[in-house]
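The block underneath contains the structure these notes are about, expressed in structure tokens.
The values are calculated or read from the model by the stated rules, or taken from the named source; none is laboratory data. Keep in mind the model is a prediction, meaning the values are calculated, not measured. Methodologically, a virtual Cβ is constructed for each residue, glycine included, from the backbone with ideal geometry; neighbour enumeration extends over all protein chains shown.
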Amino acid sequence: MRVVFLGLPGAGKGTQARLLSEALEIPQISTGDMLRQAMADGTSLGKQAREYVESGRLVPDDLVLGLIAERLRNPDAARGFILDGFPRTEEQAKGLDGLLVKTGTRLDRVILIELDPVVLADRLGKRRSCPVCGAVYHLESRRPEHTGVCDECGGQLVERPDDQPERIRRRVEIFKAETAPLEAYYDRQHILARVAGDGDIADVQSAIRSALGPGK
Ligand code: AP5
């Protein structure tokens, strides 16, 4: 299965991609996580990406496409993958199509997780993330067992710098301008499925599995 997750910031892409990755045993590939890791490691990519990521703007297409091209060459992606937060522009979507053509493959499904933007500020304002393993929590809907500590690896949970109200507004505007047109792009390829993102986490996961087809 080669799957893309689209959706507004805070729609639940990362939460759902992680669950699906465990269920289908294919990697979750999050450009956001990869960029944050590059920033933490102080690599050249991380240094170039920092001002974009922290202010809520998109990192230039050529940098992100290079990152994805390299990641998809990893043998663990041969059986399939879940792209979480990529592509985000038409340029990236075309670049991805080109990469897949070269390997004789194509996307099976693009899942658009739909959510009322009114809910986003609460979701993102109360999000806590583990910088070590990438696990994502919420102060009400997905609380860690011990406050501030990751259940999975014991890392110290943090707030993301781009989850400040003004930066959330900017990310939403950028989504509407740059990423929302991908809905039509993938609809034309007949691979788009829309899933309501406002149920509880398990219900959204069930809806996604149904949208992927029988046996998923
Ligand atoms: P990225 O990390 O991809 O951020 P995003 O797309 O803004 O999405 P989020 O991670 O904020 O939200 P999510 O949909 O994954 O929600 P989550 O599951 O965490 O990108 C960050 C930045 O990196 C970008 O702004 C850009 O600068 C750069 N970047 C990344 N990719 C790029 C690309 N392709 N091109 C250019 N630049 C790129 O859930 C949110 C919260 O809600 C959590 O607390 C969670 O526990 C909770 N929650 C989830 N589901 C539910 C539910 N059903 N009910 C209740 N609570 C829920």
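Can you go through GLY199, GLY134, GLY148 and tell me which one is touching a residue at least 12 places away in the same chain (Cβ under 8 Å) and surrounded by fewer than 18 Cβ atoms within 10 Å (Cβ to Cβ)? Reasoning before the result, please.
Working: GLY199 fails: touching a residue at least 12 places away in the same chain (Cβ under 8 Å); GLY134 fails: surrounded by fewer than 18 Cβ atoms within 10 Å (Cβ to Cβ).
After applying the criteria, what remains is GLY148.
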Taking interchain pairs and intrachain pairs at least six residues apart, which have beta carbon atoms under 6 angstrom, with the first residue in segment 40-60 and free of Cβ contacts under 8 Å to residues at least 60 places away in the same chain and the second part of a helix (DSSP H, G or I) and among the small types (Gly, Ala, Ser)? LEU45/ALA38; GLY46/ALA38; VAL59/ALA49
Return the pair list, or none, for Cβ contacts closer than 6 Å from residues in segment 8-37 that are acidic (Asp, Glu) and at pLDDT below 95 to residues that are in a loop (DSSP other than H, G, I, E, B) and within 11 Å of the ligand (Cβ to nearest atom), at least 6 apart or on different chains. ASP33/GLY134
Can you tell me which condition ARG170 does not meet? The list is (1) over 28 Å from ALA49 (Cα atoms); (2) within 11 Å of the ligand (Cβ to nearest atom); (3) in contact (Cβ under 8 Å) with a residue 24 or more places away in the chain, and all the others hold. (1)
For residues in segment 173-204 being acidic (Asp, Glu) and out of contact with any strand residue (DSSP E or B) (no Cβ under 7 Å at 6 or more places or on another chain), which is farthest from the ligand (Cβ to nearest atom)? ASP187
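What do you reckon, is GLY46 more than 9 Å from the ligand (Cβ to nearest atom) and surrounded by 15 or more Cβ atoms within 10 Å (Cβ to Cβ)?
Values: more than 9 Å from the ligand (Cβ to nearest atom): yes; surrounded by 15 or more Cβ atoms within 10 Å (Cβ to Cβ): yes.
Answer is yes for this residue.
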Would you mention how many residues in segment 134-162 are among the basic types (Lys, Arg), closer than 25 Å to VAL53 by Cα and part of a loop (DSSP other than H, G, I, E, B)? 1
When you check LEU115 against the structure, is it closer than 21 Å to GLN28 by Cβ, under 17 Å from the mean Cα position of the chain (by Cα) and near the ligand (Cβ under 8 Å from one of its atoms), yes or no? no
Return yes or no: is SER141 touching a strand residue (DSSP E or B) at 6+ places or on another chain (Cβ under 6 Å), within 10 Å of the ligand (Cβ to nearest atom) and small (Gly, Ala, Ser)? no
GLY10 vs. criteria part of a helix (DSSP H, G or I), within 11 Å of the ligand (Cβ to nearest atom) and touching a helix residue (DSSP H, G or I) at 6+ places or on another chain (Cβ under 8 Å): no
Out of all the residues in segment 61-100, which are over 17 Å from LEU45 (Cα atoms), out of contact with any Lys or Arg (no Cβ under 8 Å at 6 or more places or on another chain) and surrounded by fewer than 17 Cβ atoms within 10 Å (Cβ to Cβ)? ARG73, ASN74, PRO75, ASP76, ALA78, ARG79, GLU90, GLU91, LYS94, GLY98, LEU99
